[in-house]
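In what follows, a single structure is set out as structure tokens and then discussed.
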């Protein structure tokens, strides 16, 4: 009996790495890690050997060579004399533009549809179900192609807007004399300032100082409006009477930017048919419209489901309590249900934003020159640097996704349940 | 065994698949089939017919090479490639040769590690527009929207030409000729630009070819030719000399119909060498004596192929022009068979 309590000896034998459960998992981990690293090293080595056998080297020098091709939609200065690196930047900005506008539109669509799908109105609820199911269950590429086909096949050529020399009448007339939907682009009025403040050089690109001034005015107005409201709340707390702030809000939020716009001589430049195409206005290409609409509608259907799930996650007691307090359904939704539902909605919403951004690389199907179209398309082809281009492209998409994740995580931290 | 399977899987997963073997000739012989990269569909040059049989000018070259190497012009697997995928397909070994209206340029021949082994069509870039636009010269295209196949030399020529002439334009990037055709037909672009031969082929495929004009300006040199991987000289010789044999056959008047008779009776030593009656040219490129004879017998000599696929009697209606024999004022000039 006395021998049972003998403590085991603390000596370590090599075989314990295999037979002792305390060490075995460590052994396995180290072993698998080495295997993994060996596999990775083998892949890299194999790639290098094959590149050598093909007589190709690995360098990014081509990014500083002349690109030589043109891009129709460019947010920054670019000509065919610019470098491949510059073309990559143009493509990247096009990607970011469609991703940003897509995320905004998809969120708006998703929230509205998600809420309406729960509507007690039978028709509205079913219509939303049909929308969600149709868009969610057909591949995105098909939607992009379909919408693009509708734009190019069902709309008139710019030529149709030209007046007939004999009758003076055109086949088609512009909507409100300002907007023309053609099979190439939608021509819309462009905003111009008659008093140019010049351009701010940011190294990579220029920013119009007029636009900056208007943005600054809007931010200033918003900030002043907050001060006014804070003051009103203070007075209300002291006296019990809240002073009217609506007129100062209107003045600050709308009046200030409008005043700056007027001071800078803001006006619209209307598109007009000259030569082959509309000039003067802004031509929003059909490939952009198709991509943007398809991405928004497709991702919107997913977001609608996320929003619906978020709302359903809030117990019925919450809305019943709100009704008992006399809140109307709309206010119940915006004040009670949605703020709580956001905690459920935000994490999957991040994935949808990431999906939308990555899916924007389907732009190639409609010839929208995004990052995939410039760096991974024309540049890759003209320089023959497949490995470099694809690796760089993967790195950029990874960086964009991580940034979106980080930003959304900050927002998530702000809305999530505060626990102490 | 397990290890080799594992490594094999990794090989496929890795880039090893990207490396073609150096001895393409042996590979083709062992496989019993030639993998030939062609365009995804260009009337007259390479297009599958209703039965799925590929026909056309570029296709005929593939068949001639297959006949020379394998003894059978039907033992070809045609791999459709776009302007974007063609060189990768060749470099990765997916195809043994490209016969796909690809322009021979310095950087493709050197930096992209291809070898262009000859020119089977001397071409130049042109523009096609609708007749009712009233445009008669490409210089009137200021402000036009132009459809352009991406990943091609034409894309760069277009940018250069518009810049030199101080004109503006909006490019619409398309992936394949079929897509370009559709966009142009739908009026999504004012002009379509590609090699003049391609424009003629595209126009021939329209329901109303008479409503479209090809503008007179030819803005570039586009020598189109078959390409193989750099560094496999033996295979390059086979493809290059098969093309030369077709060209030389036309020069010496050897056709698919009179070939047997000439082989038996012709006193011309050059013809006798070409047809393998005299000398042993075939074994010099590791083929048998009759290689050229078989190549010519598939679709005839260069002139016969041209006439049958894209010549003036076909809907495409291309004149020989630069592609006539040097004796006729053209540029076709096969080195001596000796």
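Centre-to-centre separation between the Cα atoms of segment B:159-174 and those of segment B:260-329: 41 Å. For the segment A:397-405, counting C-beta atoms of other chains within 10 Å of every residue's C-beta and taking the mean gives 0.
Using a 10 Å cut-off around each Cβ, can you sort A:375, A:146 from fewest to most neighbouring Cβ atoms?
Exposure proxy ranking, most exposed first: A:146, A:375.
The convex hull of the Cα atoms of the protein assembly as shown, projected and averaged over all directions, covers 53.5 nm².
Measuring between their Cα centroids, segment A:70-126 and segment B:61-120 lie 40 Å from each other. Per residue, the convex hull spanned by the Cα atoms of segment B:125-220 measures out at 82 cubic angstrom. Computed per residue of the protein assembly as shown from DSSP H runs no shorter than four, each worth -39500 (n - 2.57), the mean residue ellipticity at 222 nm is -15500 deg cm²/dmol.
Here the residues B:237, A:201, ranked from fewest to most Cβ neighbours within 10 Å of their Cβ, fall in the order A:201, B:237. Inter-label distance, residue A:207 to residue B:75: 6.7 nm, where each label sits 7 Å from its Cα along the C-beta direction.
Modelled spin labels at residue A:406 and residue B:50, positioned 7 Å past Cα toward Cβ, are 6.3 nm from each other.
Among B:43, B:327, B:152, the residue with the largest mean-square fluctuation in a Gaussian network model of chain B, with springs joining Cα atoms closer than 10 Å, is B:327. Overall, the ratio between the Cα radius of gyration of chain B and 2.2 N^0.38 Å, rounded to two decimals, is 1.05. What is the angle, in °, between the Cα long axis of helix B:57-70 and the longest principal axis of the Cα atoms in chain B? Nearest 10 is fine, range 0 to 90. With both axes taken from Cα atoms, the answer is about 10 degrees.
Quote the Stokes-Einstein diffusion coefficient, in whole µm² s⁻¹, for segment A:305-399, based on the Kirkwood radius over alpha carbon pairs, a temperature of 10 °C and a viscosity of 1.306 mPa s. Taking Rh from Cα pairs, D becomes 95 µm²/s.
Across peptide B:107-118, what mean number of C-beta atoms from other chains lies inside 10 Å of a residue's C-beta?
Going residue by residue through B:107-118 and averaging, the value is 2.
Helix B:233-251 axis versus longest C-alpha principal axis of chain B: approximately 80°, rounded to the nearest ten.
Per-residue shielding of B:162-172, expressed as the average number of other chain Cβ atoms within 10 Å of the residue Cβ, stands at 4.
The antiparallel fraction among DSSP beta bridges confined to segment B:125-220 stands at about 45%. Counting neighbouring beta carbons within 10 Å and listing from fewest to most, the residues A:393, A:37 come out as A:37, A:393.
Laboratory data are not the source of any read-out in this text; all were calculated from the coordinates shown. Remember, it's a predicted structure, so these values are computed and weren't measured experimentally. We place every Cβ from the backbone using ideal geometry, glycine too, and count neighbours over all the protein chains shown.
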